[in-house]
1. Within segment 150-158, does at least one residue satisfy the condition of being over 20 Å from GLU86 (Cβ atoms), of a type in the set (S, T, N, Q) and in contact with a Gly (Cβ under 6 Å, 6 or more places away or on another chain)?
2. Return the only residue of GLU40, GLU77 being touching a Pro at 6+ places or on another chain (Cβ under 9 Å) and of a type in the set (Asp, Glu).
3. Regarding LEU249, is this residue surrounded by 20 or more Cβ atoms within 10 Å (Cβ to Cβ), within 26 Å of ASN150 (Cα to Cα), in contact (Cβ under 8 Å) with a residue 40 or more places away in the chain and hydrophobic (A, V, I, L, M, F, W, C)?
4. Within segment 186-203, does at least one residue satisfy the condition of being of a type in the set (Phe, Trp, Tyr) and either farther than 23 Å from LYS70 by Cβ or in a loop (DSSP other than H, G, I, E, B) (or both)?
5. Test of understanding: among PRO171, PRO178, which residue is outside any helix (DSSP H, G or I) and either over 30 Å from HIS239 (Cβ atoms) or among the β-branched types (Val, Ile, Thr) (or both)?
6. So which of PRO49, PRO13 ends up being surrounded by fewer than 18 Cβ atoms within 10 Å (Cβ to Cβ) and touching a residue at least 12 places away in the same chain (Cβ under 8 Å)?
7. Identify the single condition in (1) closer than 16 Å to PHE182 by Cα; (2) within 15 Å of the chain's Cα centre (by Cα) that TYR80 does not satisfy, given that it satisfies every other one.
8. For segment 80-97, indicate whether the set of residues that are of a type in the set (A, V, I, L, M), within 24 Å of ASN244 (Cβ to Cβ) and buried (at least 20 other Cβ atoms within 10 Å of the Cβ) is non-empty.
Amino acid sequence: MLTLPTVFAGLDPASYKPHALHQAERMWPETNCYVDLWIETLHAFGSEPEAMLGFTLTQDFEGDQFTFFKVPLEDLEALYGIRCTELAIYDRVEAHVEEQLKRGRLCLVEMDSFYMPDTHGVGYQHEHGKTTVAINRLDVASRSIDYFHNAGFFNLEGDDFDGLFHMKDGPEELPFLPYTEFAKFPAQRPAPDHLHSYAERLAIQHFARRPADNPVAAFARVFPGQVEKLAERPFDFFHKYAFNTLRQLGANFDLAASHLDWLRPDGSLAGAAGHARRISEVAKATQFQVARAVARRKFEPLATALDPAVEAWDALMGGLAGRLG
């Protein structure tokens, strides 16, 4: 029997155990597809994903959404020796993925969640949506892949495989040309001392790049008005709004807290980590308040809902100013 190439040998979707950052009891067990994917990829690589999370200190409010936070590729290389860059797609996507798997490289491909069973109850067979997966095993003949996505490692096959790779598109269809990256892994994992020393350096650099003004306060000023407009839209739109605002805010600072705890196991950043968790908690609670406000069309309580998170952001950044570096 022919053994198909994989980047991480021996992984079985049926028995895979996600990283602790994706435990169900966390405030935000999933964050966004890109960061979640790298958490699990680094877990499979045998390294510590907490080291990469210094970039969470730079999140800003962009006027209509919070920054869709992503690990900078230069951080991945500096910390783990992983080189990730864009892969040109000029042939069939699965042909490119096969070639890179033979070389031990992991392809990160933008796919349609409509065909991904792990999104059952959200996108699967319900709504077309853009998301990123990392393919660890590809079997074109059997129409099957094993892939990292969100907080886990999964398998799909059959008709879902055909839909995902546009196998049955007619000649009138637009070509399937997804944005794709590929990651080259080093021969050895980084030493723990290197991870801690370089993560500290990156945290200082990212802290220097933090927003000049409090982004939670900027959001709080426009947030009630956004929700009033949201109430005029179909209720499904609430999920899109919440994902790109309160979930990105809350999940970002949930990870920031974990990073600070990991960075200084002596507890010297425990106070700052507590402020980051406070932002996360308030964002979670406010998401439920928004749902109630939309259902009842009562928006007044939202005017002060984010005040504790505004204060926590100031306290977090003020505390780090005296401790990082």
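1. So far as segment 150-158 goes, no, none of its residues is over 20 Å from GLU86 (Cβ atoms), of a type in the set (S, T, N, Q) and in contact with a Gly (Cβ under 6 Å, 6 or more places away or on another chain).
2. Matching residue, one of GLU40, GLU77: GLU40.
3. When the stated conditions are applied, LEU249 passes them.
4. Looking through segment 186-203, none of the residues is of a type in the set (Phe, Trp, Tyr) and either farther than 23 Å from LYS70 by Cβ or in a loop (DSSP other than H, G, I, E, B) (or both).
5. PRO171
6. Criteria check complete, one pass: PRO13.
7. Only one criterion in (1) closer than 16 Å to PHE182 by Cα; (2) within 15 Å of the chain's Cα centre (by Cα) is unmet by TYR80, namely (2).
8. No - not one qualifying residue is present in segment 80-97.
The values are calculated or read from the model by the stated rules, or taken from the named source; none is laboratory data. All values derive from a computational prediction rather than experimental measurement. Ideal geometry is used to build each Cβ from the backbone, glycine not excepted, and the neighbour counts take in all protein chains shown.
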